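A.B. asks: Structure in structure tokens, see below.
The values are calculated or read from the model by the stated rules, or taken from the named source; none is laboratory data. The shown structure was predicted, so the numbers you read here are calculated from the model rather than taken from an experiment. Cβ coordinates were reconstructed from backbone atoms using ideal geometry, including for glycine residues, and neighbour counts include every protein chain displayed.
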Amino acid sequence: MTVRIERGELAAPEAQALIEALNAELTLRYPEDGATHFRLEPEEVAPGRGVFLVAYVEDEAVGCGAVRLLGGEGAEIKRMYVREAARGRGVGRAMQAALEAEARALGARRLLLETGERQHEAICLYESAGFVRIERFGEYVDSPLSVCMAKEL
């Protein structure tokens, strides 16, 4: 199985379908009010500020992810997702590596992310890629279900 990662448009139908699937899954895992953070604006992934990527297996869009620059020398992974049927096949690892490479290309020296405490598979993936847990930051400071992580690039 070959995973192909390409730049995508946040507003494209395949991107929107992936994001809708991600939002539905997160809403099921975290039904509590205020437990989910769905925001990502097109300008945050505009050239020079970030990127939105889509993962394909054959010609099917099976995953997505974004990286956006933060203040200073940091960048944040956002909206990383792999469809359930494609999990366990290296798609998530390929996406994480591609997002890390994009963050470096944007000049970031530190990569941050937020995931949820009920997403054990995501936490394991990020830890195996060298991310470590940090204090909650930004919009996640008051979110008790959030797990924030970082990696020096």
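A.B. asks: If you take the residues of region 141-153 that are modelled with pLDDT under 95 and more than 15 Å from the chain's Cα centre (by Cα), which of them is nearest to residue 91 (Cα to Cα)?
C.D. replies: If we take residues in region 141-153 being modelled with pLDDT under 95 and more than 15 Å from the chain's Cα centre (by Cα), then 145 is nearest to residue 91 (Cα to Cα).
A.B. asks: Considering only region 28-48, state which residues are surrounded by 13 or more Cβ atoms within 10 Å (Cβ to Cβ) and outside any loop (DSSP other than H, G, I, E, B).
C.D. replies: Answer for region 28-48, where residues must be surrounded by 13 or more Cβ atoms within 10 Å (Cβ to Cβ) and outside any loop (DSSP other than H, G, I, E, B): 29, 44, 45.
A.B. asks: Going by the conditions given, is residue 53 more than 17 Å from residue 115 (Cβ to Cβ) and touching a strand residue (DSSP E or B) at 6+ places or on another chain (Cβ under 7 Å)?
C.D. replies: yes
A.B. asks: I'm told residue 5 meets every condition in (1) in contact with a helix residue (DSSP H, G or I) (Cβ under 9 Å, 6 or more places away or on another chain); (2) under 20 Å from residue 111 (Cβ atoms); (3) free of Cβ contacts under 8 Å to residues at least 60 places away in the same chain except one. Can you identify the failing condition by its number?
C.D. replies: So residue 5 meets the others, but not (3).
A.B. asks: Residue 102 fails exactly one of the following numbered conditions: (1) surrounded by 17 or more Cβ atoms within 10 Å (Cβ to Cβ); (2) free of Cβ contacts under 8 Å to residues at least 12 places away in the same chain; (3) not aliphatic (A, V, I, L, M). What is the number of that condition?
C.D. replies: All conditions are met except number (2).
A.B. asks: Out of curiosity, is residue 22 at pLDDT below 95, closer than 18 Å to residue 5 by Cβ, part of a loop (DSSP other than H, G, I, E, B) and touching a strand residue (DSSP E or B) at 6+ places or on another chain (Cβ under 7 Å)?
C.D. replies: Here the answer is no, as residue 22 does not meet what is asked.
A.B. asks: Do you know which residues across region 108-123 are at pLDDT 95 or above and farther than 20 Å from residue 40 by Cβ?
C.D. replies: 109, 123, listed by residue number.
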